[in-house]
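*Asks:* This structure is in structure tokens; I'll ask about it shortly.
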Amino acid sequence: MADVAFYKVRFEPVGVEMDVAEGETVLDAAFRQGISVMHGCKEGQCSSCKSRLIDGEIELQKYSTFALSDAERDSDHILLCKTLAYSDLTIELLNYDEDMLSRSIAVKDFAGGVTAVEALTHDIRKLTITLDAPLRFWAGQYVDLTISGAGITRAYSMGNAPTGGNTLEFIIKKYPDGAFSALLDGSLSPGDAVVARGPFGTCFRREGRSGALILVGGGSGMSPLWSILRDHIASGEQRPVRFFYGARSRRDLFLLDAFAGFTKNLVDFQFIPALSNATPEDAWEGETGFIHDVVERTMRAQQLDGQIDAYSCGPPPMIDAVLPVLQRAGIEPDRIYFDKFTTATH
């Protein structure tokens, strides 16, 4: 590293400074130094890390124009995950969270091995791994998980609460052509080596708040929300909780016994699953329709009081439909946190 050039980066308006190495993206440099700026996919697809270059020389690596339009690029907007520095830089953060910055954790690599793979539904698997050393994270965050020797890396959110132990759990949806998820049916065995790099993610539980807690998910979006819920329960905080989960049919639902236990034992807790394609065979008496419609109907009917925090995790179309519903329910935009599960590009 002695021959590598380093440049200074200053983030405004927060006044945070760091260094970035030649050939290193600004976002990776922030991860390395434990500076948690807004981010999402880390691949130039989601626009979460969109910022504005005030001063300095940069190069932008290939990105999606859905994340950064040509007009935005012409007005000096950049994506931190695709920005390489060629001088000292001053960058304006368009979106930032001071609480998030204060709770930053440096990104590191953690070696470990597979402990177990369990089928939760026909296409949802629970993967448990044990690391050689504890990984510190906040409930709702994720890691880049690599199967050693296979060259396959995917981002997965932890499903367990951050207790400080060495065990991580992941709730993963299988896809027909999923290079990683296809390994969850027989190819991965206990003891297989893995590497977890992290933690990443800004959709993590904010502590010490009152008012209702709204959780909205679909598919493997259950994983970070399950972590947030379990962490909330462990904290002892008393808040109304509404957990919405969208699925196609009854066979796509899981953890129902656990949710029934929470409903019985917690104060003001409701699990509200919704089936978009319920069939007569489902014999379903619960909510039907798309999850964003169910959220809107419920929020309008219940009229929850106080400052509400909302967390939504799942596929981009679901998130895009849910966000305006949450805002129409009166939830302040800076108290709505989300994680779009974009499809891997490699």
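*Asks:* Of all helices (runs of 4 or more DSSP H) completely enclosed by the stretch 1-112, which ones contain at least 1 residues that are more than 22 Å from the chain's Cα centre (by Cα) and of a type in the set (A, V, I, L, M)? Before the answer, list the steps.
*Replies:* Details: elements: 26-32, 70-74, 98-102.
Of the helices (runs of 4 or more DSSP H) lying wholly inside the stretch 1-112, those with at least 1 residues that are more than 22 Å from the chain's Cα centre (by Cα) and of a type in the set (A, V, I, L, M) span 70-74.
*Asks:* Please indicate, with yes or no, whether at least one residue in the stretch 181-202 is without any contact (Cβ under 8 Å) to a residue 60 or more places away in the chain and buried (at least 19 other Cβ atoms within 10 Å of the Cβ). Spell out how you get there, then give the answer.
*Replies:* Within the stretch 181-202, the subset without any contact (Cβ under 8 Å) to a residue 60 or more places away in the chain is 181-183, 186-187.
Right, trim to buried (at least 19 other Cβ atoms within 10 Å of the Cβ) and you get 181, 183.
So far as the stretch 181-202 goes, yes, one or more of its residues are without any contact (Cβ under 8 Å) to a residue 60 or more places away in the chain and buried (at least 19 other Cβ atoms within 10 Å of the Cβ).
*Asks:* Could you figure out which of (1) over 14 Å from Ala310 (Cβ atoms); (2) among the β-branched types (Val, Ile, Thr); (3) within 20 Å of the chain's Cα centre (by Cα) isn't true of Thr263?
*Replies:* It fails just one condition, (3).
*Asks:* Right, another one. Criterion first (more than 18 Å from Val16 (Cβ to Cβ), surrounded by 15 or more Cβ atoms within 10 Å (Cβ to Cβ) and either at pLDDT 90 or above or in the same structural domain as Tyr156 (by TED's automatic domain parsing) (or both)) does Ala67 satisfy it? If you could, list the steps in order and put the result at the bottom.
*Replies:* Details: more than 18 Å from Val16 (Cβ to Cβ): yes; surrounded by 15 or more Cβ atoms within 10 Å (Cβ to Cβ): yes; either at pLDDT 90 or above or in the same structural domain as Tyr156 (by TED's automatic domain parsing) (or both): yes.
Answer is yes for this residue.
*Asks:* Please tell me if Phe271 is over 14 Å from Val216 (Cα atoms), touching a strand residue (DSSP E or B) at 6+ places or on another chain (Cβ under 6 Å), surrounded by 17 or more Cβ atoms within 10 Å (Cβ to Cβ) and not assigned by TED's automatic domain parsing to the domain that holds Arg125. Please lay out each step first, then the result.
*Replies:* On the way: over 14 Å from Val216 (Cα atoms): no; touching a strand residue (DSSP E or B) at 6+ places or on another chain (Cβ under 6 Å): yes; surrounded by 17 or more Cβ atoms within 10 Å (Cβ to Cβ): yes; not assigned by TED's automatic domain parsing to the domain that holds Arg125: yes.
Spelling it out, it is not the case that Phe271 is over 14 Å from Val216 (Cα atoms), touching a strand residue (DSSP E or B) at 6+ places or on another chain (Cβ under 6 Å), surrounded by 17 or more Cβ atoms within 10 Å (Cβ to Cβ) and not assigned by TED's automatic domain parsing to the domain that holds Arg125.
*Asks:* Let me ask another. Restricting to the stretch 163-208, give me the number of residues that are part of a strand (DSSP E or B) and either under 30 Å from Tyr96 (Cα atoms) or under 18 Å from the mean Cα position of the chain (by Cα) (or both).
*Replies:* First, the residues of the stretch 163-208 that are part of a strand (DSSP E or B): 167-173, 193-200.
With either under 30 Å from Tyr96 (Cα atoms) or under 18 Å from the mean Cα position of the chain (by Cα) (or both) added as a condition, the list becomes 168-173, 195-200.
Residues in the stretch 163-208 being part of a strand (DSSP E or B) and either under 30 Å from Tyr96 (Cα atoms) or under 18 Å from the mean Cα position of the chain (by Cα) (or both): 12 in total.
*Asks:* So which of Arg230, Arg242, Arg206 ends up being at negative phi and modelled with pLDDT under 95? Please lay out each step first, then the result.
*Replies:* Details: Arg230 fails: modelled with pLDDT under 95; Arg242 fails: modelled with pLDDT under 95.
The conditions single out Arg206.
*Asks:* Here is a follow-up. Output the residues belonging to the stretch 47-68 that are over 17 Å from Pro316 (Cβ atoms) and of a type outside the set (Val, Ile, Thr). I'd like the intermediate steps shown before the answer.
*Replies:* Step one: of the stretch 47-68, the residues over 17 Å from Pro316 (Cβ atoms) are 51-62.
If the condition is that a residue be over 17 Å from Pro316 (Cβ atoms) and of a type outside the set (Val, Ile, Thr), then Ser51, Arg52, Leu53, Asp55, Gly56, Glu57, Glu59, Leu60, Gln61, Lys62 are the ones that fit.
The values are calculated or read from the model by the stated rules, or taken from the named source; none is laboratory data. Since the model is a prediction, treat every value here as computed from it, not as a measurement. Heads up, the Cβs are rebuilt from the backbone with ideal geometry, glycines too, and the neighbour counts pull from every protein chain shown.
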